[in-house]
Amino acid sequence: MQGLASLGVGQWLGAAGLVVTPPLVAWLEGKRSAWPLGFATFFLLFGLAHLLFAGDIVALWAALVLTAIIGIISKLKHRYLGFNFLAGDIYHLAASSFRSVLADHARMAVPALAAVIAIVLGIIVLALMLAEPAMPLPQRLALFSAAAFVYLCVFWASGGPKRFRFHHLTGDRFHLSAFVASWFGAGPSRRPGFVDIDPEPMPLLPPVPARRPAGERAPHIVMILHESTFDPKRLGMAANEAFERFFTPPDALSGALHVDVFGGSTLQTEFSVLTGLSSLSFGNDSRYVFHLLSGRVRHSLPSVLSGIGYNVSHISCDRPSFVNCGRFYQSVGFDQVSYAETLPQPFDVERWKRENHDEQLYDHALDQLSNRVAASKPCFLSITTLMNHGDHRRRIFPIERHAELRREAVAATGVPYYGEYTVRLAESVKAYAAFRRRLDIMLSGEPAIIVRYGDHQPSFTTALTGLPPSHMALCQTFYAIEAVNCRLPDDVVAPPVLDCAFLSTLTLLAAGLPLDPVFATRAALLNDCAAAYFDAASPRKRRFHRALVDAGMVDLS
């Protein structure tokens with residue numbers, strides 16, 4: 001250790017660390033307006049590192065490593081999901097989603113984890129080998145206190161927690177400071193609240209009776225979430241006839257679905273579709289609505305359908321512990337939830353692990369529907385698929401399957417991921433067509449409505465289009481509402497772009513079912529904010545949110 005010190009290695013490392021720090025922080029924070037908080041954040045991390053390492057140089061490099069790890073994770077997360085790295089990702093999502101992230105992004109996650117472990121071990125070795133004066137613990141505590149004081153002053157001067165509303169967490173900047181700020185009141189709350197709400201409530205409209213012809217049975221409703229699925233034509237890519245019929249079925253209500261997210265976070269789209277609320281309306285809590293609003297939303301599509309005599313159930317492609325979905329599904333009114341990973345035979349679990357094939361979920365769904373249709377009670381069954389989820393660099397079917405389709409897709413775009421997407425989409429189209437044929441037979445003339453939608457675009461569409469993750473075009477998927485053994489009402493119009501928060505309302509209108517005061521009011525709001533619910537500058541929407549809170553439909557106490 002004395003040899004290292006005599007060679008001046010310590011001084012060289014210290015100087016190098018001081019040179020590296022400014023450009024690293026500036027790169028992670030983006031615009032100059034973000035730099036003051038970024039440097040205050042680094043100073044805070046340095047003070048924290050110094051509590052663990054007594055030497056100045058080792059503490060400096062430990063802070064640099066921590067800064068780089070936080071910032072690079074945040075940059076990668078923003079690139080693939082459109083969000084910065086936040087505290088809630090650790091204490092809400094990490095435990096339940098780590099296995100899925102590792103499986104879906106193994107090519108990136110495994111080397112990254114190995115690199116982090118190697119760097120941390122390197123810091124420990126440096127601390128053991130580098131001979132430098134040790135700062136006494138009282139001085140290190142004083143340094144940390146000073147760093148925390150400086151940070152809090154700059155944080156509040158920069159606008160405090162209110163500044164870190166949704167757009168700061170999704171913008172391509174603040175990759176370092178957003179994470180630390182999310183531990184200081186700018187992150188997930190213990191008590192969620194609307195960010196778009198007025199003090200005065202809007203009176204809810206009176207209920208609207210059912211609009212079906214007298215004596216006509218209420219239709220069964222099947223709702224299908226198609227994971228990571230978008231219409232290629234909407235991004236300028238050619239699509240074959242089978243794809244066109246899948247996205248825009250004849251005699252159906254169909255169009256583009258505006259969703260709250262890009263690249264991931266299916267739970268946010270599910271939340272909006274089931275509750276009629278935008279996840280973004282909860283600001284910094286938007287990524288964690290399954291956790292923070294579980295048991296707090298007392299008006300939802302499943303609960304309303306259950307109240308008018310429907311049997312309501314759900315088939316999930318996940319497991320109950322994943323992002324708290326088991327508790328959330330139960331809290332919004334599902335009577336029964338089946339999970340793919342726990343289904344008994346004849347469900348082929350080994351095939352599911354390889355392919356996550358839609359066909360397997362449809363087989364289970366038809367078995368459920370057959371039993372419930374026989375009970376002469378209308379049923380609502382929602383299904384979440386998984387086949388198009390995950391890393392599109394990973395081929396899940398043999399190379400010869402849809403080989404020509406893959407070749408044409410790659411030749412047209414130059415993006416290999418799109419080739420894999422079209423192969424999986426072709427399998428989804430085929431599986432749905434078979435499901436639809438078998439459903440027609442099983443219903444034996446009974447009416448049904450099929451509602452299908454995409455939850456978000458896959459991450460590779462940034463490469464496909466050259467657009468940033470925040471671009472509105474990348475927050476659009478598709479929706480289609482089809483009638484089986486019945487007709488859709490002539491006066492129900494499909495908006496060309498529909499926000500996912502309105503899909504449940506359009507479902508009830510298409511089924512001719514009665515609207516309670518909440519859904520009647522939502523239907524009246526369609527003209528104000530159909531295309532982008534959260535971004536709509538509608539005073540009526542904000543007052544509607546106040547009415548929901550005052551009526552106890554959304555519990556924020």
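Only the coordinates and a few stated rules stand behind these numbers; no lab work does. Remember, it's a predicted structure, so these values are computed and weren't measured experimentally. Backbone-built Cβ (ideal geometry, glycine too); neighbour counts: all protein chains shown.
Which cross-chain or sequence-distant (5 or more) residues have an amide H under 5 Å from the amide H of Cys379, H modelled 1.01 Å from N in plane?
HN-HN under 5 Å from Cys379: His220, Ile221, Asn311.
Compute the helix-to-body angle for 106-129: its Cα long axis versus the longest principal axis of the chain, expressed 0 to 90° and rounded to tens.
With rounding to tens, the tilt is 20 degrees.
I need the phi-derived Karplus couplings for the stretch 507-517: 6.51 cos²θ - 1.76 cosθ + 1.60, θ = phi - 60°, integer Hz, Gly and Pro marked x.
Values per residue, Gly and Pro as x: 4, 5, 5, 5, 7, x, 8, x, 10, 6, x Hz.
Can you compute 3J(HN,Hα) from phi for each residue in the stretch 535-549, using the Karplus curve 6.51 cos²θ - 1.76 cosθ + 1.60 with θ = phi - 60°, rounded to whole Hz and x for Gly and Pro?
7, 5, 8, 10, x, 5, 4, 5, 6, 4, 4, 5, 5, 5, 5
Rounded to whole Hz and in sequence order, give me ³J(HN,Hα) for the stretch 271-287 from the Karplus expression 6.51 cos²θ - 1.76 cosθ + 1.60, θ = phi - 60°, writing x for Gly and Pro.
Couplings: 4, 5, 5, 7, 9, x, 10, 6, 4, 5, 5, 9, x, 5, 8, 4, 6 Hz.
For each of Asp348, Asp455, count neighbouring Cβ atoms within 10 Å of the residue's Cβ, then give the residues from fewest to most.
Numbers: Asp348 14, Asp455 29.
Ascending Cβ contact count within 10 Å gives the list Asp348, Asp455.
Hand me the tally of lysine pairs in the chain: alpha carbons under 30 angstrom apart, and the pair either on different chains or 8 or more positions apart.
13
Place a +1 charge on the Cβ of each Lys and Arg in the chain and a -1 charge on the Cβ of each Asp and Glu, then give the dipole magnitude about the Cα centre in debye, rounded to the nearest 20. Let's see the in-between values first.
Numbers: 49 positive and 46 negative charges, 151 e Å.
About 720 debye.
Give me the compactness ratio for the stretch 220-550, meaning the Cα radius of gyration over 2.2 N^0.38 Å. Each step should come with its number before you reach the end.
On the way: Rg = 18.9 Å, N = 331, 2.2 N^0.38 = 20.0 Å.
The value comes to 0.95.
Measure nothing fancy, just the Cα-based angle from helix 35-52's long axis to the longest principal axis of the chain, in degrees from 0 to 90, nearest 10.
70 degrees
How big is the shadow of the Cα convex hull of the chain, averaged over all directions, in nm²? Mind showing how you got there, number by number?
Working: hull surface 113.6 nm².
Seen from a random direction, the Cα hull of the chain projects 28.4 nm² on average.
Sort Thr67, Thr248 so that the residue with the fewest other Cβ atoms within 10 Å of its own Cβ comes first and the one with the most comes last.
Details: Thr67 24, Thr248 15.
Ordered from fewest to most neighbouring Cβ atoms within 10 Å, Thr67, Thr248 come out as Thr248, Thr67.
Based on the mean of other Cβ atoms within 10 Å per residue, sort peptides 254-266, 27-39 so the most packed one is first.
254-266, 27-39
Need the full-extension length gain, Trp156 to His471, defined as separation in residues times 0.36 nm minus the C-alpha distance. One decimal, nm.
Net length gain for the segment: 110.4 nm.
With a ≥ b ≥ c the root eigenvalues of the C-alpha gyration tensor of the stretch 422-557, is it rounded (a/c under 1.5), prolate (a/b larger than b/c) or oblate? It would help to have the intermediate numbers written out before the result.
Details: a/c = 2.28, a/b = 1.14, b/c = 2.00.
Oblate, since a/c reaches 1.5 and b/c is not below a/b.
Could you give the angle, 0 to 90 degrees to the nearest 10, between helix 403-413's Cα long axis and the longest principal axis of the Cα atoms of the chain?
The answer is roughly 60 degrees.
What's the ranking of 121-127, 59-65 by average number of surrounding C-beta atoms within 10 Å, highest first? Could the numbers behind the result be given before it?
Numbers: 121-127: 14.4, 59-65: 22.7.
My ranking of the peptides, most packed first, is 59-65, 121-127.
Give me the tail of P(r) for the stretch 297-383 as a percent: Cα-Cα pairs with distance above 21 Å.
Details: 1270 of 3741 pairs.
The share of Cα pairs beyond 21 Å in the stretch 297-383 comes to 34 percent.
When the helix-only estimate is applied to the chain (DSSP H runs of n ≥ 4, each -39,500 (n - 2.57), divided by the residue count), what is the mean residue ellipticity at 222 nm, nearest 500 deg cm²/dmol? Working shown, then result.
On the way: 23 runs with 275 residues, N = 557.
Taking each H run of at least 4 residues, the total per residue is -15500 deg cm²/dmol.
If neighbour count is taken as other Cβ atoms inside 10 Å, put Met553, Met387 in order from fewest to most. Each step should come with its number before you reach the end.
Values: Met553 20, Met387 24.
Ranking Met553, Met387 by Cβ neighbours within 10 Å, fewest first, gives Met553, Met387.
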